[in-house]
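Report on the following structure.
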Amino acid sequence: MNDDRPLVQSLVLYLGGSLILLWSGGPFLWQLSTSFQLDRELTADTPRFLPSPATLEHYRNIFVEKQFQDYVVNSLIVASLTTLVCLLIGALAAFALSRLDIKNRFGVLGLVLSISMFPQIALVGPLYLVASEFGLLDTFTGLVITYVALGLPLVTWVLFGYFETLPREIDEAARMDGVSTLGLLFRIILPMSLPSLVTTGLLAFIAAWNEFMFALAFTSTIEHQTIPVGIANFTNLYYVPWGDIAAASVVVTVPLILLVLVFQRHIIEGLTQGGVKE
């Protein structure tokens, strides 16, 4: 903090930061509180923020009665595979656009990014027919292919921006040492791009972890359904188990928060240094 900064400016900065924190963390704190409250307290006329008395009943329900751990494992498999494939293909595409002699590369990049602008509801029907034709319904493969197609434009765009910030003199020095084109990417560029890889990988993982519409349409059994579909399956015709839903939301959100906290330094570097320079 700069000591010369005016007091009013500092107060506005802290106030703004506090409001953003409250806006972002408030819903999670409410879900956390709900997950520890009894059902009768959740349906009372006057809601409470602090659980009294607190209970672990909802956490027992989701893991013992509803096999929520199966949905967690399925999501972990799908999101991890999606992230790895997105990073591999996205790095190759971004490197080609950044380092190879491609005409109108920004036009190509804009075309790639425009693919992600189609509303998902418009894609569900056609992709369902394609998945059905190739026998990919109710499989991890069908979900991973779909999520990779949706996540690749953003991954390619962010990695391209970061690659552009790396000095070209490094390329020339590597080529003088006899490094091949792929060697330049995997041995030099990617190790130097760790912050951007962490950022884009985390974005791809979160997108696949939270996606609901395609998972609901493409899967029909607990062996392949992911977390959002599992939470939706908690409800029935006459009863909505708000406490169980809140407990499941907390369980799936905590790992993402921990990932962001662990990699926050790389995420900040990746986002601030990934601007496109031309």
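The values are calculated or read from the model by the stated rules, or taken from the named source; none is laboratory data. Remember, it's a predicted structure, so these values are computed and weren't measured experimentally. Quick reminder, even Gly has a Cβ in these numbers, built from the backbone with ideal geometry, and neighbours come from all protein chains shown. Surface accessibility is based on the protein's heavy atoms, side chains included, excluding ligands, DNA and RNA. Shrake-Rupley method; radii C 1.70, N 1.55, O 1.52, S 1.80 Å.
Run the helix sum for the chain: -39,500 (n - 2.57) per DSSP H stretch of 4+ residues, divided by residue count, reported at 222 nm to the nearest 500 deg cm²/dmol. Please list the in-between numbers first.
Values: 13 runs with 187 residues, N = 278.
Value at 222 nm, helices only: -22000 deg cm²/dmol.
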If the viscosity is 1.567 mPa s and the temperature 4 °C, what translational diffusion coefficient in µm²/s does Stokes-Einstein give for the range 76-135 when Rh comes from Kirkwood over Cα pairs? 92 µm²/s
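Determine the relative contact order of the chain: mean sequence separation of Cα pairs under 8 Å and six or more apart, normalised by residue count, in whole percent.
Values: 288 pairs, mean separation 87.2, N = 278.
Computed value for the chain: 31 percent relative contact order.
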At a 1.4 Å probe radius, carbon and sulfur cover how many percent of the accessible area of the range 120-217? 69 percent
Cα long-axis angle, helix 140-165 against the chain (0 to 90 degrees, to the nearest 10): 50 degrees
Under 20 Å from a label point 7 Å along Cα→Cβ of Glu169: give me every residue in the range 81-102 with its amide N that close. 99
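Highest first, please rank the peptides 213-225, 39-51 by the mean number of other Cβ atoms sitting within 10 Å of their residues. List each step's numbers first, then the result.
Details: 213-225: 17.5, 39-51: 11.2.
Descending mean neighbour count gives 213-225, 39-51.
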Sticking with the crude label model, points 7 Å out along Cα→Cβ, report the distance from Ser18 to Val260 in nm, one decimal please. 2.1 nm
Please report the spacing between the Cα centers of the range 104-180 and the range 29-73 in Å, no decimals. 39 Å
Using the alpha-carbon atoms, what tilt in degrees (0 to 90, nearest 10) does helix 242-262 show relative to the longest principal axis of the chain? 30 degrees
On a 0 to 90 degree scale, rounded to 10, what angle separates helix 68-99 from the longest Cα axis of the chain? 20 degrees
Which cross-chain or sequence-distant (5 or more) residues have an amide H under 5 Å from the amide H of Thr219, H modelled 1.01 Å from N in plane? Asp138
Honestly the chain on the Cα gyration tensor test (a ≥ b ≥ c root eigenvalues; a/c under 1.5 rounded, otherwise a/b vs b/c for prolate or oblate) is just oblate
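Ranked from the most accessible area to the least, with a 1.4 Å probe and all protein chains present, what is the order of Tyr14, Tyr147, Tyr59?
Numbers: Tyr14 140, Tyr147 10, Tyr59 40 Å².
In descending accessible area the options line up as Tyr14, Tyr59, Tyr147.
What number comes out for accessible area per residue over the chain if the probe is 1.4 Å? Units Å², please.
Values: 16070 Å² over 278 residues.
With all protein chains present, the chain gives 58 Å² per residue.
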